[in-house]
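Here is the structure we will look at, set down as structure tokens.
Every number here is computed from the coordinates shown, using simple stated rules; none is lab data. Note that the coordinates shown come from a computational prediction; the quantities given were computed from them, not determined experimentally. Glycine gets a Cβ as well: all are built from the backbone with ideal geometry, and neighbour counts include every protein chain shown.
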Amino acid sequence: MNPVYYLYLASLLFTIGAAGVLIRRNAIVVFMCVELMLNACNLAFVTFSRLHGNLDGQIIAFFTMVVAAAEVVVGLAIIVSVFRSRHSASVDDASLMKL
Amino acid sequence: MSATVVHSLWTTTAAGGIDKIPSPTIEYAQLAPTLIVAGAAVLGILIEAFIPRKGRYHAQLFLSLVALAAAFASVVALAAGGYGTTKKHIAAMGAIAIDGPSLFLQGTILLASVVAVFTFAERRLDPESHGNRVDSFAAQAAAVPGSDSEKAAVRAGFTTTEVFPLALFAVAGMLVFPAANDLLTLFIALEVFSLPLYLLCALARRKRLMSQEAAVKYFLLGAFSSAFLLFGIALLYGYAGSVSYARIAEVVDGTVQSVSPALADTMGNDALLLIGGALILMGLLFKVGAVPFHMWTPDVYQGAPTPVTGFMAAATKVAAFGALLRLLYVVLPGLRWDWRPVMWAVVIVTMLGGAIVAITQTDIKRLLAYSSIAHAGFILAGVIAATPDGISSVLFYLAAYSFVTIGAFAVVTLVRDAGGEATHLSKWAGLGRRSPLVAAVFAVFLLAFAGIPLTSGFSGKFAVFKAAADGGAGALVVVGVIASAIAAFFYIRVIVLMFFSEPKPEGPTVAVPSALTTMAIGVGVVVTLVLGVAPQYFLDLASQAGGFVR
């Protein structure tokens, strides 16, 4: 099977993730969309690794997973602390600093 | 490429036995600055675990300052050993570049961090609560603001001493960021310095809701932009078959020696190169705070605890500009005719946008945030010069700018009323009558931001604009000067407000700081004046450091 199809799939997933970040209101869902974008990057890395016949892309995919995990730790900590003090995880409610 | 070939890459080495895998050579001495700071950050975590609460503050402060000083000493030792000029090379199996710009920027980041740590450690500004001195950070980050558990934490005198190791982790990432010599290291360094900053933003003692809001905004937008950066890295990897800067530059220039059939195929696909390059540029411009990607800057700068804002505004900018310079000068010089027009547009909207929107601001921290956007535009003007002078002028500007910024935000922490810092501009009216010294110091910083002669801002701006004009961007310099004039208007307006209007009876008071903040502000003033009056030595230093290793 032509690996280029996986690149199309990766771009599609990335676009869905990016659109989700812009459209969705709940901070958790926005964050899940960011994770989807990172996974799309992983798919692209692995596909290119296969295309070029070297392992760099597959190694980078592992690094990306670790980074994504670290981001979850930090991100959920922040989102949960906001939720506890405001009882809302909507990104639209966070507007104390508007002029 | 068949699946068996890729599979065999994993299996052949393993079948050959573990001793067949060559061990990587790491030049530990040359990586010492980063290793010292990262090691101290890990030690800081252990201090949190094992030292009793009473002793943590002093232990953490001592450890942070010693580590940053030791790291700075090793940067100086490397520079004196010629690693910035004659012995510049690529260390750690191609991951880290040891050269003039990386050593200069690492030195700048470390000095700026020392000053920032002074402001982190300040415990005299807030009145004592329950007999305990308190700093700018929340008593307990996990406690809901205004809840019983928070009151209990305040009564018990808890402090968030974790800010010191968090800051050290961020500094370690920032030290790697401008020195990264492959795209994977670039991405990891970006995350290593961003994640602690997201947390630091959420830790303000006063106005916690605003602080948490700033953190959530910074985090979501930062993660969004780093996903774009990562996808750009994936596309460039697909284009060149490697993430090493040198290799990608060769493929872009078409001077690559051995071309496999797969590489010949992807090399012909300019879409991979152009989209990949653009996405990586986007990720870096976000960290720099350039205009289409600046939306987070005012909110995060306003909401974050002011010492953190100063640290972020100075050190992040230095690190991000270093990475941007290396990307444009080492990886993508072959694409110069494609990225220069785009960057022209970014520079113009950044300079004008930052300066014009700043005029309408009524909060001093937001004002400084928009001013930092305008300054990002000025620095970018030097970046697109694409000449050796461009590099050295940007290095000088970054060094000058970072100390002014930390100093200015340190002054902001001093002006307080019952609700904490009085950041609304109307409260600053007549400050010059009430405390002339603080107002005068702040005026010096504002004049430096405006680029008035005899301050570091003037020498920096002059160097950057001169490099841009020599690099064939004369029109850009004209726009830059107009933007500076607009920016000068609102800086001068604050000075006029401080000195020539009547103080209000219920106005804010100026807290008397301990030696720590005094030192931070003092260093800022001294650097501002020295770089303004006698910049030549430092300009020479920056131009000696101006050569990237390829």
Farthest positive-ward along the protein assembly as shown dipole, Cα basis, beta-carbon charges - from B:Leu325, B:Phe177, B:Ser372: B:Ser372
Efficiency of FRET between B:Lys151 and B:Ile482 - r from beta-carbon atoms, R0 60 angstrom, step 0.05: 0.70
Ratio Rg/Rh, restricted to the range B:183-280 and using Cα atoms, in which Rh is the Kirkwood radius: 1.20
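Return the calculated 222 nm mean residue ellipticity for chain B, to the nearest 500 deg cm²/dmol, obtained by summing -39500 (n - 2.57) across DSSP H runs with n ≥ 4 and dividing by the residue count.
Numbers: 23 runs with 374 residues, N = 550.
The helix contribution divided over chain B gives -22500 deg cm²/dmol.
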Part-to-part distance (alpha-carbon centres) for the range B:148-175 and the range B:290-369, which is given in Å: 27 Å
0 to 90° range, to nearest 10: angle between helix B:100-120 axis and chain B longest Cα axis: 30 degrees
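Which value, in Å to one decimal place, does the Kirkwood hydrodynamic radius take for the protein assembly as shown when every pair of different Cα atoms is included? Walk me through the numbers before you get to the answer.
Details: mean 1/r = 0.0396 Å⁻¹.
Taking the inverse mean of 1/r over all distinct Cα pairs, the protein assembly as shown comes out at 25.2 Å.
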Long-range HN-HN contacts of B:Gly430 with modeled amide H, under 5 Å: B:Met498, B:Phe499, B:Phe500, B:Ser501
Residue order, fewest to most surrounding Cβ atoms within 10 angstrom, among A:Cys41, B:Cys201, A:Cys33: A:Cys33, B:Cys201, A:Cys41
Length-normalised contact order of the range A:25-86 in % [C-alpha pairs under 8 Å, at least 6 apart]: 34 percent
Whole-Hz couplings from phi, Karplus 6.51/-1.76/1.60, listed for the range B:26-35; x for Gly and Pro: 10, 8, 4, 4, 7, 8, 3, x, 5, 5
Peptide A:9-15, shielding by other chains (average Cβ, 10 Å cutoff): 2
Length-normalised contact order for chain B - Cα pairs under 8 Å, 6+ apart - percent: 16 percent
Square roots of 5 times each gyration tensor eigenvalue, C-alpha, the range B:28-544, largest first, Å: 37, 27, 21
Farthest toward positive dipole pole in the protein assembly as shown [+1 Lys/Arg, -1 Asp/Glu at C-beta], among B:Pro33, B:Tyr397, A:Leu7: B:Tyr397
Extension gain, B:Arg434 back to B:Ala534 (0.36 nm per residue minus Cα-Cα distance, nm): 32.8 nm
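Got a sec? How would B:Lys427, B:Lys20 order by Cβ neighbour count within 10 Å, fewest to most?
Values: B:Lys427 19, B:Lys20 10.
Ranking B:Lys427, B:Lys20 by Cβ neighbours within 10 Å, fewest first, gives B:Lys20, B:Lys427.
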Residue pairs, from the table B:Lys287/B:Lys365; B:Lys207/B:Lys427; B:Lys54/B:Lys151, whose Cα atoms sit over 23 Å apart: none
FRET efficiency, A:Arg84 to B:Val512 (Cβ-Cβ, R0 30 Å, nearest 0.05): 0.25
The range A:25-86: mean projected area of Cα convex hull, nm²: 4.2 nm²
